[in-house]
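Shown next, in structure tokens, is the structure this report addresses.
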Amino acid sequence: MNTSLRTAISAKRDDLIALTRDLIRIPTLNPPGRDYRLICEYLDNRLRKHGFETELIRATGTPGDSDKYPRWNIVARREGTRPGDCIHFNSHTDVVEVGAGWTFDPFGGDIADGKIYGRGACDMKGGLAASIIAAEAFIETHPDFAGAIEISGTADEETGGYGGVAYLAEQGYFNPSRVQHVIIPEPLNKDRICLGHRGGWWAEIETKGEIAHGAMPFLGDCAVRHMGAVLQEFEDKLFPAMAARYTDMPVVPEGARQSTMNINSIHGGEAEPEEGFTGLQAHCVPDSCRIVIDRRFLIEEPLDQVRSEVMDLLEGLRATRANFDFELTERNSVLPSMTDRDAPVVRTVADAIEQVMGKAPEYVASPGSYDQKHIDRIGTLKNCIAYGPGVLELAHKPDEWIGIDDMIDSAMVMGAAMESLLLKG
């Protein structure tokens with residue numbers, strides 16, 4: 001790594017801290033999708049000052065997009081002085097709900113013990129800030145670079161990415177003729193390269209019943225009891241079958257190398273009373289019960305198999321349980337994605353980690369999906385990885401934080417990668 005670039009990044013430490021804190025203080029909560037325009041305008045103002053040409057792009061008509069909560073994205077591009085490859089740093093700007101248990105202001109950007117705290121600090125505004133600092137330092141150090149550098153801030157990754165990277169990919173922003181290398185600074189730890197992620201299948205299952213007076217349940221049919229039978233089938237058959245399957249993908253943590261399923265929610269019978277209501281519920285047998293399942297599957301499992309094993313259990317209950325009826329609605333599906341370890345961006349970032357940290361990287365895959373799925377499937381760009389600062393296990397937790405030294409180290413790696421890819425010719 002060029003000594004001048006290393007010095008330039010180190011000199012921007014205070015700027016990196018201030019940038020990260022500013023980004024955290026914009027509460028881009030998703031859902032519903034707050035302040036997307038505000039954070040894009042902030043990034044636009046900053047990047048234009050460093051010679052980037054910028055576009056603010058609304059993903060009109062995508063899930064969640066509305067006049068109240070428009071899905072805004074920014075793509076910034078800095079052209080070099082001669083032809084060459086384009087390296088693109090993509091970060092999502094949205095953050096999940098705050099949740100309980102915080103001892104720091106979730107949107108304060110407080111600093112303590114070399115860490116910056118706040119919702120999104122780790123996932124992934126710290127990574128976004130590191131990529132901006134790396135790019136700015138690289139341009140200052142090597143103004144005569146080849147190719148182009150792109151930085152994007154995109155919406156809705158936490159809810160599927162359809163108002164962000166998926167939309168941009170559909171518009172051609174990740175076409176391999178435009179962009180050749182993509183780094184997504186997700187928090188997978190600064191000495192790891194994330195090659196891809198497991199697949200996901202989300203579905204709602206509703207069991208049907210018949211309403212009746214709660215004092216005479218024998219005159220109705222309890223949908224909650226029918227759902228209990230579904231859950232028991234899952235416990236007896238599906239969960240043990242999933243636990244026996246392992247992947248060759250280097251998924252972390254270890255428990256995610258198996259197939260998994262989470263039951264996200266369950267709702268049956270009368271709706272929860274409004275806050276402040278002090279009365280009693282009516283006495284009714286529930287005629288409907290719904291669950292939402294979150295099934296994460298391995299690259300070795302076909303999606304059709306994932307669907308059919310749930311359907312087979314439900315059809316089996318329909319055939320054997322009196323009055324059992326159900327409806328299954330698929331909400332979304334994502335295929336696994338995996339970049340080859342010999343891909344150019346993988347080799348380049350691996351060399352950069354060795355240069356900066358003096359050690360070989362660990363190669364991992366993510367337990368959950370992220371926006372690589374859209375760059376891969378819609379953009380047809382395979383040369384894509386996740387690499388960024390932050391501890392994966394802190395994502396979505398209370399008192400989320402990002403280490404300042406980790407951001408500096410990751411910015412160094414990103415800078416070294418740009419030197420390898422953009423100083424040719």
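The values are calculated or read from the model by the stated rules, or taken from the named source; none is laboratory data. This structure is a prediction, so every number in the text was calculated from the model and none was measured. Neighbour counts are summed over all protein chains in view; Cβ atoms, including those assigned to glycine, are modelled from backbone coordinates with ideal geometry. In case anyone asks, the SASA skips ligands and DNA or RNA and just uses the protein heavy atoms, side chains included. Shrake-Rupley method; radii C 1.70, N 1.55, O 1.52, S 1.80 Å.
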Restricting to strands (runs of 3 or more DSSP E) lying wholly in the stretch 348-425: which have 1 or more residues that are of a type in the set (V, I, T) and touching a helix residue (DSSP H, G or I) at 6+ places or on another chain (Cβ under 7 Å)?
384-386, 401-403
Being of a type in the set (D, E) and at negative phi is the filter here; which residues of the stretch 139-180 pass it?
E140, D144, E150, E157, E158, E170
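Of everything in the stretch 286-328, what is in contact with a Gly (Cβ under 6 Å, 6 or more places away or on another chain), in a strand (DSSP E or B) and over 27 Å from E254 (Cβ atoms)? Give them in sequence order.
Listed by number, the list holds a single entry, C289.
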Tally the residues that are open to solvent by 40 Å² or more (accessible area, probe 1.4 Å), touching an Asp or Glu at 6+ places or on another chain (Cβ under 7 Å) and closer than 28 Å to R198 by Cβ, restricting the search to the stretch 268-318.
1
Scanning for something within 20 Å of E158 (Cα to Cα) and without any contact (Cβ under 8 Å) to a residue 60 or more places away in the chain, does the stretch 6-22 turn up at least one residue?
no
Could you tell me whether any residue of the stretch 217-227 is closer than 30 Å to A386 by Cα, modelled with pLDDT of 95 or more and out of contact with any Gly (no Cβ under 8 Å at 6 or more places or on another chain)?
no
Looking at the stretch 126-146, is at least one residue buried (at least 22 other Cβ atoms within 10 Å of the Cβ), out of contact with any strand residue (DSSP E or B) (no Cβ under 8 Å at 6 or more places or on another chain) and not aliphatic (A, V, I, L, M)?
yes
Considering each of E55, E79 in turn, give the residue that is over 28 Å from H396 (Cα atoms), free of Cβ contacts under 8 Å to residues at least 24 places away in the same chain and of a type outside the set (V, I, T).
E55
Please specify each residue of the stretch 250-285 satisfying the condition of being of a type in the set (A, V, I, L, M, F, W, C), in a loop (DSSP other than H, G, I, E, B) and at pLDDT 95 or above.
V285
